[in-house]
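These notes concern the structure reproduced below.
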Amino acid sequence: MPEFSIESIDFDSPWVLLAIVVATVVHDDLTCLVVGSAVAAGEAAPVPVACACLAGTWTGDLAWFLSAHFVGPRLLAIWPFRLVVSEADLESGRARFARMGGRALFASRFLPVLRTPLQVASGLLTQRVLPGCALLMLAGMIYVSLFIGAAATVGRLDTVRNFYQQYGTVALVTVPIVIWGSMAVLRLVLKPQSPEHPQDEHAG
């Protein structure tokens, strides 16, 4: 049985590009890192894989945003959800969203920890979905360009090319996983902790 290697993947194949789209929907950060690593190694042309990553990123973001917009209000009208969020709460949230919601939705693409909650809240509170869809597309273009563009630039360095040529598949897999793992650990370290409120002790 021939040994499989990432170098043997034809990144111009429509099936491979479709696989990148699906993988990006499942886990956008890690997929973009792996694809960027392939670009840096010279194994993939930047434009086709960048478009595939963008398609997957936008699809995943729209899934949360549009689901919250069209399904969320119906769920909140059902018991017990209506006991948690009232119609008055929704109207108040929509008023606040009208003032700054677009910026929060755009920023959600660059905030891994808050990405899904912000997109769900934005979809639930917005009254017009088309501007939100456009904002998510713009944010996705910048997001993917940062990954793929940076990878393509770094890949031109002789040291990086020699590294990938020497270690091949191992480098293409381990480098993005290490970067992703480091980012995950960093997010956990920097995540604000909820302040503890010790209860007052009253002497009897």
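The values are calculated or read from the model by the stated rules, or taken from the named source; none is laboratory data. Keep in mind it's a predicted model, so treat the numbers as computed, not measured. Positions of Cβ are backbone-derived with ideal geometry, glycine not excepted, and every protein chain shown enters the neighbour counts.
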Filter pass, V16 being farther than 18 Å from Y143 by Cα, among the β-branched types (V, I, T) and either in contact with a strand residue (DSSP E or B) (Cβ under 7 Å, 6 or more places away or on another chain) or modelled with pLDDT of 90 or more (or both): yes
Filter result for A63 (of a type in the set (G, A, S), at pLDDT 80 or above and surrounded by fewer than 19 Cβ atoms within 10 Å (Cβ to Cβ)): yes
A98 surrounded by 11 or more Cβ atoms within 10 Å (Cβ to Cβ), modelled with pLDDT of 70 or more, in a helix (DSSP H, G or I) and in contact with a Ser or Thr (Cβ under 9 Å, 6 or more places away or on another chain): no
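For (1) modelled with pLDDT under 80; (2) over 30 Å from R103 (Cβ atoms); (3) in contact with a strand residue (DSSP E or B) (Cβ under 9 Å, 6 or more places away or on another chain), each residue gets a yes or a no:
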| site | (1), (2), (3) |
| --- | --- |
| A134 | no, no, no |
| M137 | no, no, no |
| Y143 | no, no, no |
| A150 | yes, no, no |
| T153 | yes, no, no |
| Q166 | yes, yes, no |
| T169 | yes, yes, no |
| V173 | yes, yes, no |
